[in-house]
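> Next up is a structure, given as structure tokens.
The values are calculated or read from the model by the stated rules, or taken from the named source; none is laboratory data. Fair warning: this is a prediction, and the values are worked out from it, not measured in the lab. Here Cβ is always computed from backbone atoms with ideal geometry, including for glycine, and neighbour counts include all displayed protein chains. Surface areas here come from the heavy atoms of the whole protein model, side chains and all, with no ligands, DNA or RNA. Shrake-Rupley method; radii C 1.70, N 1.55, O 1.52, S 1.80 Å.
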Amino acid sequence: MTRPLAEVLGEVRNHLLSEESLVRAVASGRQRATQPQWRRVELRYVDLKAGRHLQVTAYDATQAHTSNHAAGVDAAQAINGLLGETFGNWHVETLTQTHQVRVTKRGDAVLSTSDRAQPVSAKRGHDREKQRLLPEDDPVFRALGLTDGSGRMKPSRQAKYRQVEDFLQILDSSVSEALSTGRLRRPTAEAPLRIVDLGCGNAYLTFTAHRYLTSVRGVPVAMTGVDVREQSRHHNSAVAAGLGIAAGSMEFVVGDIATAALDPAPEVVLALHACDTATDEALARAVGWEASLVLAAPCCHHDVAAQLRKAPPPAPYSSLTRHGILRERFADTLTDALRSSLMRLEGYRVDVMQFVESQHTPRNTLLRAVRTSGSGRGDGAAEVREEYDELVGAWGLRPRLGELLGR
């Protein structure tokens, strides 16, 4: 049931002001045709030497900004400012309940409230280091070989730790938004959320995603990792067993992205740093499965770059492809722009986001696609189709994803 936005935000404000009961709150997304100042904001109360403060961590495109506001007037002013931003979703956790707020296209709000199975306690400690969704002494990092025997992150693995944290931030906000908007069904122990990681490799992100969703968020998950190498399946299965993960909650199978058979079909598809057209295969599989949420971080883009070398560029854009390094960078942008258009044509809302690069690729782009309608029935589908046709026609391209989708 929709309600006036101001009325619902008033209830949210009361929860945010409650320094005794608030555990954590997250604001993310955006309202229609608007752009809030921050990509994501997290709030919680911490106890400092000067007393209890509201800690606000705001994320822009590149970094986090943390500020502390004394409980009372200062905290209320900070909360009022954040509620005035045009966030599309609020996720508020208290000691006994969880509240999800979604702003509709009409500017109203839908509030969903659920009781916790059992009350939790709020951690008020203040860490000078950045708050992590998974602390570095979590057992999953020891099992993956990222930390030493004392639970400290190895210096050589700090980059991987940053990548994990960045991914979990995106996954957390994406799942929260999809659940609050009804794009994802609410999972239960009997019917857990079905997630597949296509091309999982050594499964760092597979394991940490599973750990965060199940242990921190309390979301029942059935996770499948797919990789073409038997060695990966054997290694990852051993890690899962060592962590005590039940077989029904996580499994690894051997297969390539294009032909991996999963029944029932997954609801969330991950494809992180899949090489060249493997990303296209992953996106096509997600479309075929009618996955509700897709997170894909492309790796190299050789296919379109090779096509750009063969076809003469349309005037007056020859300077974009004359030099090799510029042609490669342009191919990166063009490939992901075309993928975005194709996913929109298949009924997905697509966001292109920044994602920290890995040791295997300097690319730092992630495509987030949320299924909103059937193929060809999304908002502006005709305009998207016209733009796509003109773009591939002008550059003489045959995008692999277009071929896989019959476009």
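> Sum -39500 (n - 2.57) across every DSSP H segment of at least 4 residues in the chain, then divide by the residue count to get the 222 nm mean residue ellipticity, nearest 500. Write down the numbers at each step before the final one.
On the way: 11 runs with 136 residues, N = 407.
Mean residue ellipticity, 222 nm, calculated: -10500 deg cm²/dmol.
> Per-residue counts of other Cβ atoms within 10 Å, averaged by peptide: what ranking do you get for 250-262, 284-296, highest first?
Details: 250-262: 16.1, 284-296: 22.3.
Ranked from most to least packed, the peptides come out as 284-296, 250-262.
> Angle check, please: helix 381-395 long axis (alpha carbons) against the longest principal axis of the chain (alpha carbons), in degrees 0 to 90, nearest 10.
Once rounded, one gets 50 degrees.
> Related question: Enter the angle in degrees (range 0 to 90, nearest 10) between the Cα long axis of helix 73-83 and the first principal axis of the Cα atoms of the chain, meaning the one along which they spread out most.
Helix 73-83 and the main axis of the chain meet at about 30 degrees.
> Between residue 18 and residue 60, what is the FRET efficiency for a Förster distance of 25 Å, r being their Cβ-Cβ separation, to the nearest 0.05? Intermediate results must be reported in sequence, preceding the final value.
On the way: r = 28 Å, r/R0 = 1.11.
It comes out at approximately 0.35.
> Measuring with a 1.4 Å probe in the full set of protein chains, what accessible area per residue, in whole Å², belongs to the chain? Please report the intermediate quantities before stating the final value.
Numbers: 19110 Å² over 407 residues.
Dividing the accessible area of the chain by its residue count gives 47 Å².
> Residues with amide H under 5 Å of residue 97's amide H, sequence separation 5 or more or different chain, H placed in the peptide plane at 1.01 Å from N; which?
When sequence neighbours closer than 5 places are left aside, the close amide H contacts are 116.
> I would also like to ask the following. About the Cα centre of the chain, how large is the charge dipole given +1 on each Lys and Arg Cβ and -1 on each Asp and Glu Cβ? Please answer in debye to the nearest 20. Could the numbers behind the result be given before it?
Working: 50 positive and 48 negative charges, 78 e Å.
Using only the charged Cβ atoms, the result is roughly 380 debye.
> Relative to the present Cα-Cα distance, how much length would full extension add between residue 117 and residue 76 at 0.36 nm per residue of separation? Walk me through the numbers on the way to the answer.
Details: separation 41, 0.36 × 41 = 14.76 nm, distance 2.98 nm.
Net length gain for the segment: 11.8 nm.
> Normalising by the residue count of the chain, find the relative contact order in percent from Cα pairs under 8 Å and 6+ residues apart. Don't skip to the end; give the middle numbers.
Values: 707 pairs, mean separation 43.4, N = 407.
The value is 11 percent.
> Expressed as a whole number of Å, what is the distance separating the alpha-carbon centroids of the stretch 240-278 and the stretch 7-58?
So the separation of the two Cα centres works out to 35 Å.
> Taking amide H positions as placed in the peptide plane 1.01 Å from N, state which residues far from residue 355 in sequence (5 or more) or on other chains have amide H under 5 Å from it.
Counting only residues 5 or more places away or on other chains, the set is 365, 366.
> Taking every DSSP beta bridge that has both residues in the chain, what percent is antiparallel when rounded to the nearest 5? Walk me through the numbers before you get to the answer.
On the way: 53 of 73 bridges.
Rounded to the nearest five, the antiparallel share is 75 percent.
> Using a Cα distance threshold of under 25 Å, what count of lysine pairs results for the chain when pairs must be 8 or more residues apart or interchain?
Values: 49/123; 49/130; 130/154; 130/160.
The result is 4.
> Accessible area of the stretch 244-351 with a 1.4 Å probe: how many percent of it is carbon plus sulfur? It would help to have the intermediate numbers written out before the result.
Details: 2400 of 4550 Å².
On the stretch 244-351, the fraction of accessible area on carbon and sulfur atoms equals 53 percent.
> Between the stretch 116-195 and the stretch 334-351, how many Å separate their Cα centres?
Result: 28 Å between the Cα centres.
> Beyond 26 Å, what share of the Cα-Cα pairs of the chain remains, rounded to the nearest whole percent? Display every interim value, and only then the final one.
Working: 47336 of 82621 pairs.
In whole percent, the share of Cα-Cα pairs in the chain beyond 26 Å is 57.
> Sorted by average packing, counted as other Cβ atoms within 10 angstrom per residue and highest first, what order do 197-205, 346-354, 387-395, 331-339 take?
Details: 197-205: 23.3, 346-354: 18.4, 387-395: 15.0, 331-339: 20.7.
In decreasing order of mean packing, 197-205, 346-354, 387-395, 331-339 become 197-205, 331-339, 346-354, 387-395.
> Grab the other residues whose beta carbon is less than 13 angstrom from that of residue 309, score K and R as +1, D and E as -1, and report the net. Intermediate values should be presented prior to the final figure.
Details: positive: 310, 322, 327; negative: 303, 328.
Within the 13 Å Cβ shell, the charges total +1.
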